[in-house]
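The values are calculated or read from the model by the stated rules, or taken from the named source; none is laboratory data. All values reported here derive from a predicted model rather than from experimental measurement. Note that each Cβ is placed from the backbone with ideal geometry, even for glycine, and that neighbours are counted across all protein chains shown.
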Amino acid sequence: MSKTIIQLKDVSFQYDYTQVLNNISFRVQEGDFLALLGPNGSGKSTLLKLILGLLKPMTGEIELFGHASNSFKQRELIGYVSQKSNAFNSGFPATVQEVVKSGLAKKTGLFKRLSKDADERVLHALKAVGMEQFAKRNIGQLSGGQQQRVFIARALVAEPKLLILDEPTVGIDHENVQAFYDMLAKLNEEQNITMILVTHDVDTVSNRISHVACLNQKIHFHGYKNDFDAISQEELDAWYGHAVRKIH
């Protein structure tokens, strides 16, 4: 029986007087590859911050790996990759190897000496994303897609069991998006890393994911990808609050 990695029970959150999430309940099982969908302003980023422990729910409960979120200490089990292309300074003077190695601080502590096998672990993480040949290259010399692979390696080096990716293909050219999603699917299948992928690109990734969650202040759908495909266009439009294009 699969372990429950994340469980939310009647979670609500608001900023000042604005309701953002309303009675959210769902679970993510070990090995799931979940695509989180929703329009802009639907609460996706807030939901991620709640899972990551950056925010606390107003009401409800969050459990991570079977433990209450507010007492969960093993944060190194959760890797996070943001929309790098919107924030990363490509002139940052660091090699790919140095960037990935910085991910070990999450596991060892910021000011503790790295273990003797640190270089080996960095190389292993780079191999997992197909970037080992760029280890000595300056991070700013890489393309957007290559940089994003490096940041996934940085998350992987701490050996997480859960990887959360917030629209990771922003800034990656269309030709490389398919290869990028193939890499994520390989990590999910071969290393059994549970994944939550925030995306608007569900058509491109649809043959890699196992589950879909549709969020717009509340969960309108959460289930297997095949069941999501059977949803009518009218239902989808109603959840989003406007007409959307659904491609098969």
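Among what's in the stretch 91-113 and is over 17 Å from Ala155 (Cα atoms) and out of contact with any strand residue (DSSP E or B) (no Cβ under 8 Å at 6 or more places or on another chain), pick the residue that is modelled with the highest pLDDT.
This residue is Phe92.
Filter the stretch 194-248 for residues that are modelled with pLDDT of 85 or more and touching a Lys or Arg at 6+ places or on another chain (Cβ under 7 Å) and give the result.
Thr194, Val198, Ile209, Ser210, His211, Val212, Leu215
So which residues in the stretch 195-224 are over 23 Å from Asp10 (Cβ atoms) and of a type in the set (Val, Ile, Thr)?
Scanning the stretch 195-224 gives Thr199, Val202, Thr204, Val205, Ile209.
Quick check, is Lys116 in contact with a helix residue (DSSP H, G or I) (Cβ under 8 Å, 6 or more places away or on another chain), surrounded by fewer than 19 Cβ atoms within 10 Å (Cβ to Cβ) and modelled with pLDDT under 70?
Taking the combined requirement at face value, the residue does not satisfy it.
For the stretch 183-235, which positions are without any contact (Cβ under 8 Å) to a residue 24 or more places away in the chain, part of a helix (DSSP H, G or I) and buried (at least 17 other Cβ atoms within 10 Å of the Cβ)?
Residue satisfying the conditions is Phe228 alone.
Within the stretch 127-141, track down each residue that is in a loop (DSSP other than H, G, I, E, B) and either under 21 Å from the mean Cα position of the chain (by Cα) or closer than 18 Å to Leu184 by Cβ (or both).
Within the stretch 127-141, Val129, Gly130, Met131 qualify.
Does the stretch 31-67 hold any residues that are farther than 15 Å from Glu167 by Cβ, surrounded by 16 or more Cβ atoms within 10 Å (Cβ to Cβ) and of a type in the set (D, E, K, R), and which are they?
Asp32, Glu63, listed by residue number.
Would you point out the residue of the stretch 6-30, among those that are surrounded by 16 or more Cβ atoms within 10 Å (Cβ to Cβ) and polar (S, T, N, Q), that is farthest from Ile78 (Cα to Cα)?
Checking each candidate, the answer is Asn22.
Looking only at the stretch 156-179, count every residue that is more than 21 Å from Thr4 (Cα to Cα) and either touching a Gly at 6+ places or on another chain (Cβ under 6 Å) or among the small types (Gly, Ala, Ser) (or both) and tell me the total.
Qualifying residue count, the stretch 156-179: 5.
Among what's in the stretch 120-153 and is hydrophobic (A, V, I, L, M, F, W, C) and more than 14 Å from Met183 (Cα to Cα), pick the residue that is surrounded by the most Cβ atoms within 10 Å (Cβ to Cβ).
Ranking the candidates gives Val122 first.
When the residues of the stretch 165-182 are narrowed to those that are outside any strand (DSSP E or B) and charged (D, E, K, R), which ends up farthest from the chain's Cα centre (by Cα)?
Out of the qualifying residues, it is Glu175.
Among (1) at positive phi; (2) crowded, with 19+ Cβ neighbours inside 10 Å; (3) not hydrophobic (A, V, I, L, M, F, W, C), there is one condition Thr169 misses while meeting the rest; what is its number?
(1)
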